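Chemist: Below is the structure I would like to discuss, written out as structure tokens.
The values are calculated or read from the model by the stated rules, or taken from the named source; none is laboratory data. Computed from a predicted model, the values in this text were never measured in an experiment. Surface accessibility is based on the protein's heavy atoms, side chains included, excluding ligands, DNA and RNA. Shrake-Rupley method; radii C 1.70, N 1.55, O 1.52, S 1.80 Å.
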Amino acid sequence: MALNNMLHQGVGMTSQRARDRLVIRLRKKGIRHSTVLQSIARTPRHLFVDEALSHRAYEDNALPIGNGQTISQPYIVALMTETILKDGIPGRVLEIGTGSGYQAAILAHIVPAVFSVERISGLLVQAKKRFKELKINNIMVKHGDGTNGWPQPKPYNAIIITAAPEAIPTPLLEQLSVGGRMIVPVGQDRSVQELRSILRTKKGYETTVIETVSFVPFRSGKA
Ligand code: SAH
């Protein structure tokens, strides 16, 4: 098999079959949205982790991506994606915490445009390379502190925050459109936070707690 084919189709632990098995596992855990499952099935997660960890890419676990950060567990990626699709396909999605780029890639196969902000430049450089390699053209990225969101082109029909703030930064709530939904892990504890789904209505914000999760902390400033 040519090297290029091996990279894209994967062999053994990184093959289409490994992805299909992951999809079966996610379905058993309660993920129902077929578009989300299809996106997971077609996105080569092993290309979003270090080569030394690629044989573990289709286990349902978070994995280290360097700089003390992690690529989220596939079940959590699926759950967060499914939640922001609850009210239909959002036109523009803002993500805070690009990390490996995996969550953004899952979204990019489903929604028209993804805007993703990451504070660690080294991670962003690698994520951009992956998007290019996979010919994903609808993810716009920015190096910066996501506390202020991405002021233009606000508002966003959905916002997904993949690091845990102690409290949700106000600019992010303001950049959500009326009728739009935010999904965010919130909490002071380093190991356990509350995953919240927040719907913006004409009157304000309606919060639903989905489950407890464990995300890396939301940090201010660039790195
Ligand atoms: N969505 C990512 C998850 C990465 S972990 C993935 O699929 O791989 C969370 C990421 O959030 C880390 O890369 C971390 O650097 C980033 N982050 C934390 N606080 C941030 C902030 N204030 N602004 C932007 N990115 C932030």
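Chemist: Name the aspartates and glutamates eligible as straight-distance cross-link partners of K29: C-alpha to C-alpha under 12 Å, and not fewer than 8 places from it in the same chain.
Modeler: By straight Cα distance, K29 reaches D60.
Chemist: Using a 1.4 angstrom probe, figure out how much accessible area the chain has per residue, in square angstrom, rounded to the nearest whole. Could the numbers behind the result be given before it?
Modeler: On the way: 10610 Å² over 223 residues.
About 48 Å² of surface per residue is accessible.
Chemist: Given the Cα-Cα distance of E133 and E166 and 0.36 nm per residue of separation, how much length would full extension add, in nm?
Modeler: Details: separation 33, 0.36 × 33 = 11.88 nm, distance 3.54 nm.
Residue separation times 0.36 nm, minus the Cα-Cα distance, leaves 8.3 nm.
Chemist: Do you know the Lys pair count in the stretch 62-213 for C-alpha distances under 26 Å, with sequence separation 8 or more or different chains?
Modeler: Here the count comes out as 13.
Chemist: Please report, to two decimal places, log10 I(q)/I(0) for the stretch 62-213 at q = 0.14 Å⁻¹ as given by the Debye formula with identical point scatterers on the Cα atoms and no solvent.
Modeler: -0.61
Chemist: Moving to a separate point now. With runs of 4+ DSSP H residues as the only contributors, calculate the mean residue ellipticity of the chain at 222 nm using -39,500 (n - 2.57) per run, divided by the residue total and rounded to the nearest 500. Before the final figure, lay out each step's value.
Modeler: Details: 7 runs with 65 residues, N = 223.
Theoretical 222 nm ellipticity from helices: -8500 deg cm²/dmol.
Chemist: While we're here: Express in nm, to one decimal, how much length is gained between R42 and M13 on full extension, taking 0.36 nm for each residue of separation and deducting their alpha carbon distance.
Modeler: Values: separation 29, 0.36 × 29 = 10.44 nm, distance 1.49 nm.
Length gained between R42 and M13: 8.9 nm.
Chemist: Let me ask something additional. What angle do you read, to the nearest 10 degrees and between 0 and 90, between the alpha-carbon axis of helix 16-28 and the longest principal axis of the chain?
Modeler: 40 degrees
Chemist: Another one. Taking springs between alpha-carbon atoms closer than 10 angstrom, which of A167, A158, A78 fluctuates most in the Gaussian network model of the chain?
Modeler: A167
Chemist: Looking at the stretch 62-213, what % of its DSSP beta bridges pair antiparallel, to the nearest 5? List each step's numbers first, then the result.
Modeler: Working: 17 of 35 bridges.
Taking every DSSP beta bridge with both residues in the stretch 62-213, the antiparallel ones total about 50 percent.
Chemist: Counting only residues 5 or more places away or on other chains, whose amide H sits under 5 Å from the amide H of T70 once H atoms are built in the peptide plane?
Modeler: It is I65, by chain and number.
Chemist: Using Cα springs under 10 Å in a Gaussian network model of the chain, which residue among G204, G66, G187 shows the largest mean-square fluctuation?
Modeler: Highest fluctuation of the listed residues: G204.
Chemist: Moving to a separate point now. Could you look at the chain and say what percent of its accessible area is carbon and sulfur, using a 1.4 Å probe and all protein chains? Each step should come with its number before you reach the end.
Modeler: On the way: 5400 of 10610 Å².
Of the solvent-accessible surface of the chain, carbon and sulfur hold 51 percent.
Chemist: In degrees between 0 and 90, to the nearest 10, how far off the longest principal axis of the chain does helix 121-133 point, with axes built from Cα atoms?
Modeler: Helix 121-133 sits at roughly 60 degrees to that axis.
Chemist: Per residue Cα convex hull volume for the stretch 103-182, in cubic angstrom? Walk me through the numbers on the way to the answer.
Modeler: On the way: hull volume 7.4 nm³, N = 80.
Hull volume normalised by residue count: 92 Å³.
Chemist: Taking springs between alpha-carbon atoms closer than 10 angstrom, which of I168, I24, I159 fluctuates most in the Gaussian network model of the chain?
Modeler: Answer for the Gaussian network model of the chain: I24.
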